Structure formats: structure tokens, C-alpha cells
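What follows is one structure encoded as C-alpha cells, with my remarks underneath.
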Amino acid sequence: LVKHVFDITAQSFSFCNAQISTLILAEHESGSIKPQTVSTVVAANHLGESSSVSLLLAGSGSSLQEAASQAASCHPSVSEVLVADSYRFEYPLAEPWAKLVDFVRQQRDYSHILASSSSFGKNILPRVAALLDVSPVTDVVKILGSNEFIRPIYAGNALCRVRYTGAGPCVLTIRTTSFPVTPITESKKATISQIDLSKFKEDAVSRSRYVGQSTQDTERPDLGSARVVITGGRALKSVENFKMIEKLAEKLGGAVGATRAAVDAGYVPNDLQVGQTGKIVAPELYMAFGVSGAIQHLAGIKDSKVIVAVNKDADAPIFQVADYGLVGDLFEVIPELLEKLPEK
Ligand code: FAD
């Protein structure tokens with residue numbers, strides 16, 4: 001046992017002293033880098049002082065190159081943008097992406113590999129970790145050092161301190177709401193390098209294939225990073241009634257959220273679900289209508305600055321976390337709000 005403890009300590013010690021170099025899997029859309037990638041860069045800066053940050057962008061065509069150019073100046077700490085331009089990365093499928101990360105890592109040694117805890121990161125990073133034979137640390141909310149992290153457990157009811165003692169690179173998914181991006185004043189452009197993919201080998205038979213992507217509403221802000229979120233629960237009772245929530249979100253310039261009960265009832269698609277098994281949000285204003293406040297839902301909203309709840313049951317648990325609560329019928333309150341709020 002003594003030898004074992006010594007081995008782990010020694011391993012950690014040499015790891016801590018090593019130069020920190022981080023590879024971040026970047027998300028981009030329509031030629032722009034997504035805000036969650038910039039938050040992941042902010043998180044990487046907490047790993048240590050002498051850390052270098054590289055962004056890995058994959059895709060194909062001109063929108064990829066546009067995103068790469070934007071990524072090069074998205075944060076002063078980014079030193080390099082690596083671009084993998086190929087039809088194989090046109091869609092974010094886990095298999096080719098994970099292989100790409102492994103391919104890049106074989107050419108340069110990275111101490112850390114990061115992605116945001118979005119559906120993109122959660123899809124790809126576990127496969128990367130399996131390929132590298134390491135244990136990933138997921139949903140990191142605080143970085144205490146190069147190998148020590150805090151992550152929520154039990155639906156966010158407890159926080160767990162995790163020390164990574166593995167020999168390979170430390171693979172992390174980052175809960176980006178915990179790493180807000182402060183306005184960037186320094187302008188610095190990282191170098192952009194095109195990855196030579198001539199030696200990149202894919203599996204002959206891929207077990208997954210891209211079927212399609214449906215985006216709900218490009219006009220509305222992204223739920224994960226919106227400043228205002230208006231959520232409806234099961235009490236809305238129908239798809240038709242849920243449109244009231246959408247109208248209110250529109251008036252307030254916010255994103256629409258839903259409880260799992262509302263999603264399961266088919267009122268809205270599941271990409272609007274907020275909570276433990278949905279999206280984690282941290283808006284300035286979170287408004288919940290007909291939401292009971294189950295712990296699995298609260299796990300996704302606890303970092304909201306101001307929570308407003310409307311529920312006809314005065315004992316609903318949502319009132320225990322709400323900054324402002326109104327005991328009332330949402331079918332009366334929402335129409336009144338819609339009437340009194342000015343047009344956007
Ligand atoms: P209900 O619990 O049915 O509450 C409806 C509320 O509306 C009640 O409080 C009622 O008083 C109020 N109400 C009714 N009529 C009106 C009216 N006219 N005006 C005003 N108020 C009214 N849930 C999530 O949301 N997100 C998750 O990610 C999630 N993950 C889960 C993971 C696991 C493993 C499990 C087991 C559950 C998960 N759940 C999740 C489900 C969660 O436990 C609750 O069942 C769900 O959040 C309840 O949704 P609700 O508040 O819409 O419905």
C-alpha cells in the first residue's frame with residue numbers, strides 16, 4: 001500500500017511540474033466560434049500559469065476557414081489554431097472527431113484535452129478518453145490546479161473534489177456557465193496551421209452516419225448562454241398553450257426552456273429541456289411558469305442571477321429558490337404580462 005501511495009504521489013508530482021499545454025475542441029457554426037468554446041479557453045487558463053492553449057477546429061469549406069480566423073483572436077491566451085479541413089468532419093460525428101484528436105495528439109504532446117459540456121463535447125470526449133485509455137473528468141465547475149477539479153454530483157446537491165492521477169493526458173469537459181468570459185480588450189492573433197491529413201486513417205466501416213440536424217429557432221438566443229430564459233412546465237397543458245411562453249420570451253428577448261415533464265408531454269422538443277438531464281443555464285433572469293421545482297430541474301438553474309416563479313401552489317418547492325414568487329394562475333398572469341410589456 002505504501003509503495004502504491006508513493007507511486008501515485010510521484011506520478012502526480014511530476015505531472016504538476018510538467019509544462020501545461022492544452023488542446024481544446026472548438027465548436028463553430030456559420031463561420032463563427034461558439035461562446036462555450038471561449039468559456040472553455042477561460043477555464044484552461046485556470047490550469048496553471050505557464051499554460052499554452054491550442055484550439056482544434058474541424059469541418060470543411062469556407063465557413064471553417066472563417067471560423068478559424070475568428071478563433072485566432074477569440075482570446076489572448078490562444079497561441080495556435082489547428083484546422084482540419086476535410087469532408088470527413090463536415091458533421092460532428094464522434095468517431096472521426098475522436099480519431100482526429102488522437103491523431104493530433106500523436107504529433108504533439110498535450111497535458112490536457114478539453115471541450116465544453118455541451119452535447120458536442122459530451123458526444124466526443126468520452127470516446128477520445130477511451131481511445132487514450134484514460135478516465136475523463138466531466139462537468140468541471142472549478143479548477144483548483146492542473147490536476148484537481150470540482151464537479152457536481154447527486155444532481156448538483158453535492159460538489160466532489162477530484163484529483164486526476166492518470167499517466168495520460170487529462171481529459172475534461174467544462175461546465176461553461178461556471179467560467180464566464182469577461183470583455184476582452186487585448187488584441188492578439190494566434191497562428192493558424194492547417195493539419196496535414198494525408199496520414200489520417202479512418203475505420204473502413206463506420207458505425208454511425210449523419211442523418212440530419214434540426215435547429216429550432218435561429219432568431220432566439222441560445223438557451224445555454226441566454227441572458228433571459230422563460231421556462232414552462234407541465235401546467236401549460238398543450239403545445240398551443242406553450243406558445244404563450246414563446247411569445248413572452250420573444251418580448252423579453254430571451255430563450256425558451258421547459259421542464260422534462262413538459263418535454264415528455266410533447267409540448268416542446270427535448271433540446272429545450274433545462275435541468276440535470278437537459279441544459280444547464282445561468283441567465284441574468286430566469287422565469288418559471290407552472291414549474292414545481294424538482295431537484296433535477298433546479299440542478300440546471302442554480303447559477304441564475306434572479307429567479308422569478310409563478311405557481312398556483314404556495315408550497316411548491318420552486319418558491320424556496322425563487323428571488324421573486326407569485327402565487328397565481330399562469331393562464332391569468334402570462335396574458336397580463338404580454339399585454340403590459342411593450343413590444344420589443
Ligand atoms: P410538475 O411536477 O407536475 O409541476 C407542475 C407545477 O405546475 C405544479 O407545481 C403545480 O402547482 C403548477 N401548476 C399547475 N397548474 C398551474 C397553473 N394554472 N398556474 C400556475 N401553476 C400551475 N426535470 C427537469 O425539468 N429537467 C431535468 O433535466 C430532469 N431530469 C431528470 C432526471 C431524472 C433521473 C429524473 C428521475 C427526473 C428528472 N426530471 C427532470 C423530472 C423531475 O423530477 C420532475 O418530474 C419535473 O421537473 C417536473 O416538471 P414540472 O415542474 O413541469 O411538472
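The values are calculated or read from the model by the stated rules, or taken from the named source; none is laboratory data. A quick note: this is a predicted structure, and the numbers were derived from the prediction, not measured. No Cβ is skipped: glycine too gets one built from the backbone with ideal geometry, and neighbour counts run over all protein chains shown.
How many residues does the range 321-334 contain that are more than 12 Å from the ligand (Cβ to nearest atom) and in a helix (DSSP H, G or I)?
Total satisfying the criteria: 1.
From the list Ser187, Ser193, Ser206, Ser178, which one is within 30 Å of Val321 (Cα to Cα) and of a type in the set (Ser, Thr, Tyr)?
Values: Ser187 fails: within 30 Å of Val321 (Cα to Cα); Ser193 fails: within 30 Å of Val321 (Cα to Cα); Ser206 fails: within 30 Å of Val321 (Cα to Cα).
Criteria check complete, one pass: Ser178.
Please pick out the residue among Val128, Val81, Val104 that is at pLDDT 95 or above, within 20 Å of Ser62 (Cα to Cα) and surrounded by 17 or more Cβ atoms within 10 Å (Cβ to Cβ). Working first, answer last.
Working: Val128 fails: within 20 Å of Ser62 (Cα to Cα); Val104 fails: within 20 Å of Ser62 (Cα to Cα).
Just one listed residue meets the conditions, Val81.
Hey, can you tell me all the residues within the range 261-291 that are near the ligand (Cβ under 10 Å from one of its atoms) and surrounded by fewer than 18 Cβ atoms within 10 Å (Cβ to Cβ)? So that I can check it myself, show each step before the final result.
Of the range 261-291, the ones near the ligand (Cβ under 10 Å from one of its atoms) are 261-265, 267, 270, 273-280, 288-291.
Matches in the range 261-291: Asp264, Ala265, Asn270, Thr277.
So Ala314 fits all but one of (1) crowded, with 17+ Cβ neighbours inside 10 Å; (2) part of a loop (DSSP other than H, G, I, E, B); what number is the exception?
(1)
Say we look at the range 236-281 and pick out the residues that are among the basic types (Lys, Arg) and within 23 Å of Asp329 (Cβ to Cβ); which of these is farthest from the chain's Cα centre (by Cα)?
Here is the first cut: in the range 236-281, the ones among the basic types (Lys, Arg) are 237, 243, 247, 251, 260, 279.
Subset that is within 23 Å of Asp329 (Cβ to Cβ): 237, 243, 247, 251, 260.
Working: Lys237: 30, Lys243: 27, Lys247: 26, Lys251: 26, Arg260: 19 Å.
So, considering only residues that are among the basic types (Lys, Arg) and within 23 Å of Asp329 (Cβ to Cβ), the one farthest from the chain's Cα centre (by Cα) is Lys237.
Quick one: is Ile174 within 19 Å of the chain's Cα centre (by Cα) and within 27 Å of Val229 (Cα to Cα)? Spell out the reasoning first.
On the way: within 19 Å of the chain's Cα centre (by Cα): yes; within 27 Å of Val229 (Cα to Cα): yes.
Spelling it out, Ile174 is indeed within 19 Å of the chain's Cα centre (by Cα) and within 27 Å of Val229 (Cα to Cα).
Could you please find all residues in the range 218-260 being near the ligand (Cβ under 10 Å from one of its atoms), at negative phi and not hydroxyl-bearing (Ser, Thr, Tyr)? Even if it seems obvious, please write down each step before you answer.
Taking the range 218-260 first, the residues near the ligand (Cβ under 10 Å from one of its atoms) are 231-237, 241, 257-260.
Then keep just the ones that are at negative phi; that gives 231-236, 241, 257-260.
Answer for the range 218-260, where residues must be near the ligand (Cβ under 10 Å from one of its atoms), at negative phi and not hydroxyl-bearing (Ser, Thr, Tyr): Gly232, Gly233, Arg234, Ala235, Leu236, Asn241, Gly257, Ala258, Arg260.
Do we have Gly266 as without any contact (Cβ under 8 Å) to a residue 60 or more places away in the chain and closer than 15 Å to Ala309 by Cβ here?
Details: without any contact (Cβ under 8 Å) to a residue 60 or more places away in the chain: yes; closer than 15 Å to Ala309 by Cβ: no.
So Gly266 does not fit the description; no.
Is there a residue being of a type in the set (Asp, Glu), touching a residue at least 40 places away in the same chain (Cβ under 8 Å) and touching a Lys or Arg at 6+ places or on another chain (Cβ under 7 Å) anywhere in the range 211-226? Can you show your working first?
Of the range 211-226, the ones of a type in the set (Asp, Glu) are 217, 219, 222.
Applying the additional criterion that residues be touching a residue at least 40 places away in the same chain (Cβ under 8 Å) yields 222.
Right, trim to touching a Lys or Arg at 6+ places or on another chain (Cβ under 7 Å) and you get none.
Within the range 211-226, none of the residues are of a type in the set (Asp, Glu), touching a residue at least 40 places away in the same chain (Cβ under 8 Å) and touching a Lys or Arg at 6+ places or on another chain (Cβ under 7 Å).
Could you tell me whether Asp303 is in a loop (DSSP other than H, G, I, E, B) and out of contact with any Ser or Thr (no Cβ under 6 Å at 6 or more places or on another chain)?
Values: in a loop (DSSP other than H, G, I, E, B): yes; out of contact with any Ser or Thr (no Cβ under 6 Å at 6 or more places or on another chain): no.
No: the conditions fail for Asp303.
Is it the case, given these coordinates, that Val308 is over 21 Å from Lys122 (Cα atoms) and within 9 Å of the ligand (Cβ to nearest atom)?
On the way: over 21 Å from Lys122 (Cα atoms): yes; within 9 Å of the ligand (Cβ to nearest atom): no.
In short, no.
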